[in-house]
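Below: the structure, in structure tokens.
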Amino acid sequence: MMSTPEGVGIPDVERDTTGEKLAAVRTLGAGAPVLAFDVGGTDIKSALFDVNGTALGLRRTPTPTAEGDRTAVIIERLGVLATELRAAHPDVVPQAVGLVVPGIVDADAGIGVFASNLGWHDSPLRDLASARLGLPVAFDHDVRAASWAEHRVGGARDYADAVVLVIGTGIAGAVLVGGKPYTAGGYAGEIGHSPIADGPECACGARGCLEALASAGALARRHREATGVTPDGAKDVIARAAAGDQAAADIWNSALDALTLSLAQLTAVLAPQAVVIGGGLSRAGGALFDELRARLEARLSFHRLPVLVPAELSGNAGLIGAALRARELT
């Protein structure tokens, strides 16, 4: 991992909010050298990809803070990171930049429509980044870019019609139809905010969203509310359920039911060949995948059951997707 240059003072983040370390990035293969940035609410992943598709100078650094709209401070931070990467690898000259962000994104217009944790509304992020970095910028939604990466080089590479679910603190999603992302102006894929119950209230303001019941964050919160005991994340709730803790078992069972209902609805409407599941909760392994397969089969009848596939690119899928999008501009 690249060290912080003297005088710049941008620290590296060793682990994300789920405790996951920054893993190595899968090689993309031959192509133009590009810069890639995956901006999140708490950290930014950045790297320079060379002609062999190898990630150079891979880092995770804190997302800068500001009151209200964080557009200006983030664009400036991208400029500093890009300067550091290019200085450290002067023989690699990037031809384009890939930038992915959360929230509602109009990729065609280059606009960050809305991101509650970053404070922007209708922010022209693509044009601002291009002006600051002096290169053409490919701009996209972080999970949509991650789904594209999984389709090109990861768990969804064998499927033209697929749904990608990232189950972490929240639940994000993306839809691939005919091998292409379905975006609907940036509003498609909000699977985590699809209503599957009458409650509880979700952080988005709606009630009964999938995320409020079945995300890793929801599992930990619901266990704390039910027992007064703060678990060590969702994995602890699942372990407690397996060990016979009735409260944990009830919470985990209801989360699996909520996920099954959501997958059943997606199967009936979209008939995806595969559902690719990533994020921290995907590391539950058979406790998640085997249960979902069995429950989904029991729930449906004539429908084509999707293959449930673990995501392969871990937390770097968004960054890889950004790089792949950038190469499309060259």
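Rounded to the nearest 5, what % of the DSSP beta bridges within the chain are antiparallel ones?
Percentage antiparallel, nearest 5: 60.
Could you give each residue of segment 55-61 its phi-based ³J(HN,Hα) in whole Hz, using Karplus coefficients 6.51, -1.76, 1.60 with θ = phi - 60°, and x for Gly or Pro?
Running phi through 6.51 cos²θ - 1.76 cosθ + 1.60 with θ = phi - 60° gives 7, 9, x, 4, 9, 10, 10 Hz.
Would you mind getting the accessible area per residue of segment 23-132, heavy atoms of the protein chains only, 1.4 Å probe, in Å²?
Heavy-atom SASA per residue in segment 23-132 reads 39 Å².
Determine the share of the chain's accessible area contributed by carbon and sulfur atoms, expressed in whole percent, with a 1.4 angstrom probe.
Percent of accessible area from carbon and sulfur atoms in the chain: 52.
So for the chain, averaging the separation of alpha carbon pairs under 8 Å that are six or more residues apart and normalising by length, what relative contact order in percent results?
Across the chain, relative contact order equals 19 percent.
Semi-axes of the equivalent ellipsoid of segment 28-110: what are they in whole Å, largest first, if each equals the square root of 5 times a C-alpha gyration tensor eigenvalue?
Over the Cα atoms of segment 28-110, the semi-axes work out to 23, 15, 11 Å.
For D198 and A268, what does the FRET efficiency come to when R0 = 30 Å and r is the distance between their Cβ atoms, rounded to the nearest 0.05?
0.90
When DSSP assigns beta bridges and you keep just the ones with both residues in segment 123-278, what percent turn out antiparallel, to the nearest 5?
Percentage antiparallel, nearest 5: 70.
Would you mind calculating the relative contact order of segment 137-256 from Cα pairs under 8 angstrom and at least 6 residues apart, reporting the percent as a whole number?
Normalised by residue count, the contact order of segment 137-256 is 15 percent.
At q = 0.12 Å⁻¹, what is the log10 ratio I(q)/I(0) for segment 201-315, with the Debye formula run over Cα points and no solvent?
Per q value, in the given order, log10 I(q)/I(0) is -0.44.
Could you state the number of Å between the C-alpha centres of segment 201-254 and segment 261-311?
The two parts, judged by their Cα centres, are 20 Å apart.
Below 8 Å, C-alpha to C-alpha, sequence gap of six or more: please give me the relative contact order for segment 162-221 in percent.
For segment 162-221, the relative contact order is 30 percent.
Taking the alpha-carbon set of segment 251-325, what are its Rg and Dmax in Å?
Looking at segment 251-325, its Cα Rg and Dmax stand at 13.6, 41 Å.
Mind pulling the angle between the C-alpha long axis of helix 216-227 and the longest principal axis of the chain? Nearest 10 degrees, somewhere in 0 to 90.
40 degrees
Cβ under 11 Å from D257's Cβ, D257 left aside: what net charge do those residues give with Lys, Arg +1 and Asp, Glu -1?
So the environment of D257 carries a net charge of 0.
Between A109 and A66, what is the FRET efficiency for a Förster distance of 30 Å, r being their Cβ-Cβ separation, to the nearest 0.05?
Efficiency, from the Cβ-Cβ distance: 0.80.
Under a 5 Å amide H to amide H cut-off, with H placed in plane at 1.01 Å, what residues pair with E312 once short-range neighbours are removed?
Under 5 Å from the amide H of E312 lie the amide H atoms of G155, each far enough along the sequence or on another chain.
How tilted is helix 233-242 with respect to the longest principal axis of the chain? Cα atoms for both, answer in degrees (0 to 90, nearest 10).
30 degrees
In sequence order, what are the phi-derived ³J(HN,Hα) couplings for segment 35-48 according to the Karplus relation 6.51 cos²θ - 1.76 cosθ + 1.60 with θ = phi - 60°, rounded to whole Hz, with x for glycine and proline?
Once rounded to whole Hz, the list reads 8, 9, 9, 10, 8, x, x, 10, 8, 10, 9, 9, 6, 10.
Around V276, which amide H atoms from residues at least 5 apart in sequence, or from another chain, sit under 5 Å from its own amide H, with H modelled in the peptide plane?
V163, V164, L165, V309
For segment 109-191, run through the chymotrypsin sites (Phe, Trp or Tyr not before Pro) and keep only the ones in DSSP coil with at most 15 other Cβ atoms within 10 Å of their Cβ.
Those satisfying the criteria are Y187.
Counting only residues 5 or more places away or on other chains, whose amide H sits under 5 Å from the amide H of R207 once H atoms are built in the peptide plane?
Answer set, sorted by chain and number: C202.
Mind checking the angle between helix 317-327 and the chain's longest principal axis? C-alpha axes, 0 to 90 degrees, to the nearest 10.
Rounded to the nearest ten degrees, it is 40.
Could you go through segment 265-279 in sequence order and give the Karplus-derived ³J(HN,Hα) for each residue, using 6.51 cos²θ - 1.76 cosθ + 1.60 with θ = phi - 60°, rounded to whole Hz, and x for Gly and Pro?
3J(HN,Hα) across segment 265-279, in whole Hz: 5, 4, 5, 5, 8, 9, 6, x, 5, 8, 10, 9, 10, x, x.
For segment 191-267, treating each Cα as an identical point scatterer without solvent, what Debye log10 I(q)/I(0) comes out at q = 0.13, 0.17 1/Å?
Values returned for q = 0.13, 0.17 Å⁻¹ are -0.36, -0.60.
Quote to one decimal, in nm, the extra length available between E297 and T330 on full extension: 0.36 nm per residue of separation minus the C-alpha distance between them.
So the extension gain works out to 7.4 nm.
Can you tell me which of H303, H151, H193 moves the most in a GNM of the chain? Springs connect C-alpha atoms under 10 Å apart.
Among H303, H151, H193, the largest mean-square fluctuation in the Gaussian network model of the chain belongs to H303.
Specify, per residue and in Å³, the volume enclosed by the convex hull of the alpha carbon atoms belonging to segment 69-170.
132 Å³
The values are calculated or read from the model by the stated rules, or taken from the named source; none is laboratory data. It should be emphasised that the depicted structure is a prediction, and the values quoted were computed from it without experimental measurement. As a convention, Cβ positions derive from the backbone with ideal geometry for all residues, glycine included, and neighbour counts pool all protein chains shown. With ligands, DNA and RNA removed, areas are computed over all heavy atoms of the protein, side chains included. Shrake-Rupley method; radii C 1.70, N 1.55, O 1.52, S 1.80 Å.
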